[in-house]
1. Output the residues belonging to the range 65-75 that are without any contact (Cβ under 8 Å) to a residue 60 or more places away in the chain and within 16 Å of A122 (Cα to Cα).
2. Assess whether V78 counts as being under 17 Å from D172 (Cα atoms) and either of a type outside the set (S, T, Y) or in contact (Cβ under 8 Å) with a residue 40 or more places away in the chain (or both).
3. Mind checking which residues of the range 69-85 are surrounded by fewer than 16 Cβ atoms within 10 Å (Cβ to Cβ), within 22 Å of the chain's Cα centre (by Cα) and not in a strand (DSSP E or B)?
4. Please state which one of V257, V272 is in contact with a strand residue (DSSP E or B) (Cβ under 9 Å, 6 or more places away or on another chain), among the β-branched types (V, I, T) and either within 23 Å of V208 (Cβ to Cβ) or without any contact (Cβ under 8 Å) to a residue 12 or more places away in the chain (or both).
5. Regarding R217, is this residue under 21 Å from G279 (Cα atoms) and not aliphatic (A, V, I, L, M)?
6. Can we say W171 is under 27 Å from I223 (Cα atoms), surrounded by 21 or more Cβ atoms within 10 Å (Cβ to Cβ) and of a type in the set (F, W, Y)?
7. From the list T88, T132, pick out the single residue that is surrounded by fewer than 16 Cβ atoms within 10 Å (Cβ to Cβ), in contact with a Leu (Cβ under 9 Å, 6 or more places away or on another chain), not hydrophobic (A, V, I, L, M, F, W, C) and not in a loop (DSSP other than H, G, I, E, B).
Amino acid sequence: MQTIEINKEWFRGAVSIETTNTGFRPWRLPHDQLSLFASELAEKAGETAGVRVAFISDSTSVELHVAITDKDILFDIVIEDELVGTKTLIAGEEICLFTNLPGSMKRVEIYFSQKAAVIVKALKVDDGASVTPLQNNQPRWVAYGSSITQCSAAESPAQTWPAIVARNKGWDLTCMGFGGQCHLEPMVARVIRDLPADVISMCLGINVMGGNSLNIRTFRSAIIGMVSIIREKHRNTPLFLFSPIYCPHRETNENLVGMTLVTMRKEIQEAVNILTFYGDSNLTYVDGLDIFGEAFVDKLPDQLHPNAEGYKIMANHILGKLNI
């Protein structure tokens, strides 16, 4: 097989790419500014949810070489938006091989694990095969949220709800779902502001609820502030604010600062109403209960996070909400 000389142009879904002694490491925050963010958030930003290598090729096999990890991780190969294969890289292994691919020219994306860091050492294709990086010609979607957007329990990396929605819509996904770390930080708003985006979605509330990080005085104002920062460079970009999906033990039980999910949904709706009143005509509220309501409680094994089937249900419902 031939080794392809890759660079940052070959990656999709990363905010930044760090060049290390080992290879290329994708990050979902600016890697040279990580100290500006909470350490827990920076750690999650190193996990590669939604990140992939994307190219056009007629090769019938593809070999991805990555730095050895201490745990098993999954990779998916997607051809022309169709998931055609999943490989498990066992801890200690470094070569992920996909074979029996169509010999015609095709769009190929290799999705990295949504719950682990990945460092790419090399990309190889058949001897004599043609291969070029995928051009940036799809609408760009930035999806911000919590672990319910990162989707660690999804069946495989290309089967998170953002990945499913992106392929169905023909969008170029940047997933900013950070497990436990969706706290409406202004610095994250600045990152989203500075990213190219044709559509933006923000799933808000569940980490604030669990972490007691904002109260009735600060939650709504934090939402308004975050949207206002993003709007500095995305004045007319469609922006969807999702409230929390169903969570049985948090619906009406108050957290340490007196918040419930019922209250949070009202506050997010009111933030959208206020911003719309002041002229933001491209802002849309989406009720999380319309995405994943009480009827699907059996798909919440820990009473908080959907299982693999639950994330597919979320994707199906969200497809009908992101209308642009």
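The values are calculated or read from the model by the stated rules, or taken from the named source; none is laboratory data. Bear in mind the structure is a predicted one, so any value in this text is a computation, not a measurement. Every residue, glycine among them, receives a Cβ derived from its backbone with ideal geometry; neighbour counts consider all protein chains shown.
1. Across the range 65-75, the qualifying residues are H65, V66, A67, I68, T69.
2. Details: under 17 Å from D172 (Cα atoms): yes; either of a type outside the set (S, T, Y) or in contact (Cβ under 8 Å) with a residue 40 or more places away in the chain (or both): yes.
So V78 passes the test.
3. K71, D72, E80, D81
4. V272
5. Details: under 21 Å from G279 (Cα atoms): no; not aliphatic (A, V, I, L, M): yes.
For R217, the condition - under 21 Å from G279 (Cα atoms) and not aliphatic (A, V, I, L, M) - is not met.
6. No: the conditions fail for W171.
7. On the way: T132 fails: in contact with a Leu (Cβ under 9 Å, 6 or more places away or on another chain).
The match here is T88.
Matching residues to (1) over 30 Å from E40 (Cα atoms); (2) acidic (D, E); (3) touching a Leu at 6+ places or on another chain (Cβ under 7 Å); (4) assigned by TED's automatic domain parsing to the domain that holds L304:
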residue: S61; (1), (2), (3), (4): yes, no, yes, no
residue: L64; (1), (2), (3), (4): no, no, yes, no
residue: K71; (1), (2), (3), (4): no, no, no, no
residue: F75; (1), (2), (3), (4): no, no, yes, no
residue: E94; (1), (2), (3), (4): no, yes, no, no
residue: F98; (1), (2), (3), (4): yes, no, no, no
